[in-house]
Every structure is written in structure tokens, then in C-alpha cells.
Amino acid sequence: MAKETKEGITVSKEKDFSEWYTQVVTKSDLADYSPVSGCMIFKPYAYAIWEKIVATVDKKIKKMGVQNAYFPLLIPEKLLNKEKEHVEGFSPEVAWVTHTGKSKLEERLAIRPTSETIMYEAYARWIRSWRDLPLRLNQFNSVIRWEFKNPVLFLRTREFLWNEGHTAFATKKEAEKECTDILNTYYDVLKDLLALHSVKGKKTEKEKFAGAEYTISTELFMPHGRAIQGPDAHHDGQNFAKAFGIEFLDEKEKKQHVWQNTWAISTRVIGILIAAHGDDKGLVLPPNIAPNQIVIVPIIFKKEGEKVLKKAKELVKQLKEHNVILDDRDYSPGWKYNEWELKGVPLRIEIGPNDLKKKQVIIVRRDTGKKEIVKENKVKEVVHKLLEDMQKNLYKQSEKIFTSKKTKAATMSALQKVIKQKKFAEVHWCGETTCEETIKDKTEGAKILNIPFEQPKKVSNCVCCKKQGKHQVIVAKSY
């Protein structure tokens with residue numbers, strides 16, 4: 001038998017989340033560190049998860065009428081400087097190319113922190129008439145944002161993968177409808193694919209995307225008490241259109257500026273997925289996102305090993321739609337169980353000589369650990385039901401985390417207490433940036449995540465200044 005050396009998770013998620021998270025990511029073979037600080041290596045297992053996200057988003061946005069394109073990685077400094085608010089928002093994060101070999105470039109080139117400026121220079125050339133609209137392009141790529149400390153694999157890295165949609169419309173109404181539709185699409189991806197509960201809402205003026213008229217976002221909450229922003233959409237109004245001269249002649253032959261949106265989902269959601277669903281054994285992958293939904297572990301003894309293996313291979317064919325792994329390696333069954341639990345495979349099917357005689361298999365769920373004896377002729381039916389139930393159960397657990405961490409706070413002292421308890425607070429806010437900054441200062445870094453679309457019928461006094469509130473908002477410490 002081969003030497004069994006792989007070590008499982010050695011810390012508790014509850015007691016040391018940071019170490020637990022790092023161990024799960026590295027030991028489950030999702031990712032590794034690279035020689036460049038803050039930049040990570042996506043190993044095949046993680047990239048397979050990302051490919052599922054890409055495929056789902058790609059299908060949904062193409063159905064909406066969006067097309068894929070690709071624009072350069074390098075952006076001339078003069079383009080990046082065209083929209084003042086945008087460049088000020090990103091300037092601390094921009095990495096620059098200044099030389100080729102030993103020769104200094106005449107103009108610095110920014111390594112793409114986001115693609116508005118390089119794309120909109122082209123939009124200004126391409127759009128001439130109302131007949132050219134809407135122009136709805138998306139690209140799947142990577143970006144570099146350099147300014148931060150303490151990188152965390154997936155959750156906070158200098159380079160990450162995402163999609164970025166950039167669209168232009170003849171009217172504000174069309175643009176705003178798309179913005180809402182896109183956010184709802186991302187919300188569905190989180191819920192249906194990743195089994196993650198999120199809250200939709202509008203970002204404050206202080207927290208909106210640099211250069212946008214407003215930003216709408218999904219916000220998620222993790223078991224250790226920190227929040228994180230999920231995919232979002234930005235209505236840019238005519239800000240970039242005016243900066244870049246993106247104009248068109250309308251049906252009355254009058255010159256107009258276009259109305260624009262930008263939107264994105266990134267590999268950060270993989271980190272959220274790990275944090276939300278994982279346990280002390282490792283990853284727990286919802287069936288809809290798992291690269292492999294089933295692993296079959298044949299329990300092989302010399303006497304009846306060939307018969308057991310034959311039956312296992314028959315099961316692989318029978319269940320091929322679930323991208324089944326057949327683990328017939330020369331390791332003990334217990335070692336294999338631990339490895340596949342660490343990697344989060346939704347269902348494990350065990351079959352040994354006794355099961356062969358009884359014409360049955362044992363199916364084990366990753367989320368609950370529940371074992372079920374299933375007759376051979378019922379395997380396909382039961383597998384389908386278990387996978388469906390597991391997907392729903394994981395979403396309910398994600399929703400439960402949100403409910404258990406949510407607390408109302410009417411005063412600043414109550415808010416401070418909630419934040420110290422590693423929870424998040426629903427508070428009423430007057431809408432003033434000065435109060436928003438005071439909240440962050442007095443809670444040692446907690447901030448307003450968004451203004452949820454679902455608002456109470458009555459809003460009371462601001463938690464900070466005690467004036468009449470305008471909105472109920474969510475406050476938490478976040479990544």
C-alpha cells in the first residue's frame with residue numbers, strides 16, 4: 001500500500017478562522033502562493049470552480065444580448081487621467097510599466113486596474129448614431145490593484161480574475177434597467193450556483209465605485225463575523241461619456257451623450273464560498289458548483305477485488321453526468337474518505353464485497369455526514385434527490401448565518417457592542433457622510449455596507465447624530 005502522508009485540517013474554524021481558512025485553501029489543492037506578494041496561483045481544482053461561474057454568467061448575459069470582447073492589458077496614462085474622479089479613486093492601486101528593457105517609455109502605461117478608460121476611447125470612435133446603440137460588451141480577464149496590506153487567498157489579492165461588463169445606451173431608463181437586471185442575475189448566481197445568501201442594496205456616496213453615479217451591490221456575511229462585498233453593478237450616468245466624448249445623433253438628429261453601466265463578479269466569490277460552507281474537515285462544495293459531484297470509493301480485498309471494481313466502474317458509467325471520480329488508488333478507504341471530505345466532494349459512494357452481495361451501496365453526504373444504504377437499482381434516483389437536497393440545505397445554512405449575525409442597534413453604544421460581538425447591525429442613518437465617517441471611527445473600522453432595497457415602513461433617528469433618519473443601513477467590519 002502507498003504511503004499515506006496527507007495531513008488534514010489541524011485547527012477549528014470557530015477558534016482560529018484565519019489559520020483554518022488558509023489550511024483549507026492550500027490542503028484541498030485549490031491554490032498556492034506565488035513569488036509575487038499578493039498574487040496567487042489558481043490550481044486546477046479552483047479554476048474548475050471559476051470555469052463553472054464563468055460559464056453560468058456567460059450564458060446569462062449572452063441571453064440578455066451582451067457580447068464578449070477583449071481589450072488591452074496596458075492603458076496609456078493620458079487615458080487613465082481623462083475621468084478625474086475615476087483616476088483619483090484608483091491612483092493608489094495602479095501598477096505602472098515605465099521601461100522596456102533599459103529604455104524608458106515616453107508615456108507610462110498602467111496595468112489594467114479596470115477597463116473603463118481603454119474601452120471608452122474605442123466606444124467614442126465606434127458610436128455615431130442611435131442605430132449603434134445599445135453597445136453591450138463584456139470581457140473575462142484579470143486586473144491588478146496594488147494598494148493594500150495582508151493579502152488573503154481569493155478574498156483579497158493584488159491580481160484577481162473577473163468579468164467586466166461595459167455597456168452604453170441611448171437613454172438613462174434603459175441603462176438603469178440593465179443595472180438592476182445584472183444585479184439580479186448576480187444574486188441568482190450566488191443563490192442557485194454557490195448556495196450563498198446575500199443582501200441587495202445601494203452603496204453610499206462614499207462607498208460607490210469611483211466615477212459612477214451610483215453603485216448597487218450584493219453583500220455577504222461569513223460565520224466569523226466579517227462581511228464582504230459580492231458582485232456589483234455601477235450606473236455611470238454620463239460621466240465617462242462626457243469625459244471621453246461618447247456621443248451619438250438621436251432619431252431627431254440631435255447630438256446626445258450615451259448613458260453607461262459597468263458590472264462585475266470576481267474570483268473573490270470562491271473565497272466566500274470556502275468561508276461560508278467549509279467545516280473542520282475542509283471544503284464543503286454545493287453540488288451545483290462542485291467540479292465533481294460524486295466520488296466512488298471501492299473497498300477492495302484480494303479475493304473479490306475485481307468484482308467490486310467492475311461494479312464501481314458500472315456505477316461511474318451510470319452516473320457519468322455528475323462527473324464522477326473513481327478512486328481505486330492503493331490507499332486505505334479511511335484515508336480516501338478524509339481526502340475527499342477535505343476537498344468537499346458532495347457525495348461519496350462506498351461499495352465493498354458485502355455491498356456487492358446485498359446489491360447495495362452506501363452513500364455519504366458531505367454537508368451532514370449522513371450515511372444511507374441504497375439498493376443498486378435506486379442509486380441514480382437517490383443521488384439526484386440527495387444532490388438537490390444538499391444544494392437547498394447549504395443555502396438555508398447560509399441564510400441562517402445571516403439571520404444569527406443580524407442585530408438592530410438604535411444607539412452608538414449599542415452599535416459598538418454589536419461590532420465587538422463580531423456581528424453586523426441594522427441601524428438608521430441620516431444620509432450624511434460626516435455621520436458615516438463617525439460610525440467608522442467610533443466602531444474601529446466598521447462601515448456602512450449598503451442601503452438595502454428592502455426598507456422598513458418607518459425610519460427613526462440616525463444612530464449617530466439623532467436627527468431624522470433617511471435609510472436603514474447595514475454596518476459591519478468587512479474585507
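Has region 425-436 got at least one residue that is under 22 Å from residue 27 (Cβ atoms) and free of Cβ contacts under 8 Å to residues at least 40 places away in the same chain?
Residues of region 425-436 that are under 22 Å from residue 27 (Cβ atoms), as a first pass: none.
Looking for residues that are under 22 Å from residue 27 (Cβ atoms) and free of Cβ contacts under 8 Å to residues at least 40 places away in the same chain, one finds none in region 425-436, hence no.
Could you list, in sequence order, all residues of region 228-256 that are without any contact (Cβ under 8 Å) to a residue 40 or more places away in the chain and in a helix (DSSP H, G or I)?
If the condition is that a residue be without any contact (Cβ under 8 Å) to a residue 40 or more places away in the chain and in a helix (DSSP H, G or I), then 242 is the only one that fits.
Does residue 313 satisfy the criteria of being on the phi < 0 side of the Ramachandran plot, basic (Lys, Arg) and assigned to a helix (DSSP H, G or I)? First the steps, then the outcome.
Working: on the phi < 0 side of the Ramachandran plot: yes; basic (Lys, Arg): yes; assigned to a helix (DSSP H, G or I): yes.
Spelling it out, residue 313 is indeed on the phi < 0 side of the Ramachandran plot, basic (Lys, Arg) and assigned to a helix (DSSP H, G or I).
Is there a residue being assigned by TED's automatic domain parsing to the domain that holds residue 80, more than 30 Å from residue 117 (Cβ to Cβ) and without any contact (Cβ under 8 Å) to a residue 12 or more places away in the chain anywhere in region 296-311?
Scanning region 296-311, I find no residue that is assigned by TED's automatic domain parsing to the domain that holds residue 80, more than 30 Å from residue 117 (Cβ to Cβ) and without any contact (Cβ under 8 Å) to a residue 12 or more places away in the chain, so the answer is no.
Which pairs do you get when a residue that is on the phi < 0 side of the Ramachandran plot, found in region 463-478, comes within reach of a residue that is outside any loop (DSSP other than H, G, I, E, B) and of a type in the set (Ser, Thr, Tyr), reach meaning Cβ atoms under 6 angstrom, with the pair 6+ apart or on two chains?
So the pair list comes out as 464/438.
Being closer than 19 Å to residue 235 by Cβ, in the same structural domain as residue 243 (by TED's automatic domain parsing), touching a residue at least 60 places away in the same chain (Cβ under 8 Å) and among the basic types (Lys, Arg) narrows it down to one residue among 208, 172; which is it?
Working: 208 fails: touching a residue at least 60 places away in the same chain (Cβ under 8 Å).
Exactly one of 208, 172 is closer than 19 Å to residue 235 by Cβ, in the same structural domain as residue 243 (by TED's automatic domain parsing), touching a residue at least 60 places away in the same chain (Cβ under 8 Å) and among the basic types (Lys, Arg), namely 172.
In the set 14, 106, 7, which member is surrounded by fewer than 16 Cβ atoms within 10 Å (Cβ to Cβ) and farther than 30 Å from residue 280 by Cβ?
Values: 14 fails: farther than 30 Å from residue 280 by Cβ; 7 fails: farther than 30 Å from residue 280 by Cβ.
The match here is 106.
Quick check: is even one residue across region 276-288 touching a strand residue (DSSP E or B) at 6+ places or on another chain (Cβ under 7 Å) and surrounded by fewer than 24 Cβ atoms within 10 Å (Cβ to Cβ)? I'd like the intermediate steps shown before the answer.
Narrowing region 276-288 to residues touching a strand residue (DSSP E or B) at 6+ places or on another chain (Cβ under 7 Å): none.
No, region 276-288 has no match at all.
Counting residues that are not assigned by TED's automatic domain parsing to the domain that holds residue 302, which helices (runs of 4 or more DSSP H) fully inside region 353-452 reach at least 3?
Numbers: elements: 353-358, 379-405, 412-420, 433-442.
Per the criteria, 379-405, 412-420, 433-442.
Just for strands (runs of 3 or more DSSP E) wholly inside region 113-218: which have at least 1 residues that are hydroxyl-bearing (Ser, Thr, Tyr), in contact with an Asp or Glu (Cβ under 6 Å, 6 or more places away or on another chain) and closer than 30 Å to residue 37 by Cβ? If you could, list the steps in order and put the result at the bottom.
Working: elements: 135-144, 159-169, 199-202.
In region 113-218, the matching strands (runs of 3 or more DSSP E) lie at 135-144.
Suppose we filter 48, 69 for residues that are at pLDDT 95 or above and closer than 30 Å to residue 283 by Cβ; which single one remains?
Values: 69 fails: closer than 30 Å to residue 283 by Cβ.
From the options 48, 69, the qualifying one is 48.
I'm told residue 350 meets every condition in (1) among the charged types (D, E, K, R); (2) in a helix (DSSP H, G or I); (3) closer than 28 Å to residue 8 by Cβ except one. Can you identify the failing condition by its number?
Every listed condition holds for residue 350 apart from (2).
For residue 273, state whether it is outside any helix (DSSP H, G or I) and not assigned by TED's automatic domain parsing to the domain that holds residue 446.
Numbers: outside any helix (DSSP H, G or I): no; not assigned by TED's automatic domain parsing to the domain that holds residue 446: yes.
Considered against the rule, which asks whether it is outside any helix (DSSP H, G or I) and not assigned by TED's automatic domain parsing to the domain that holds residue 446, residue 273 comes out as no.
Quick one: which residue in 315, 342, 319 is within 28 Å of the chain's Cα centre (by Cα) and surrounded by 14 or more Cβ atoms within 10 Å (Cβ to Cβ)? So that I can check it myself, show each step before the final result.
Working: 315 fails: within 28 Å of the chain's Cα centre (by Cα); 319 fails: within 28 Å of the chain's Cα centre (by Cα).
Criteria check complete, one pass: 342.
The values are calculated or read from the model by the stated rules, or taken from the named source; none is laboratory data. The structure presented is a predicted model; accordingly, all values stated were derived computationally and were not measured. Ideal geometry is used to build each Cβ from the backbone, glycine not excepted, and the neighbour counts take in all protein chains shown.
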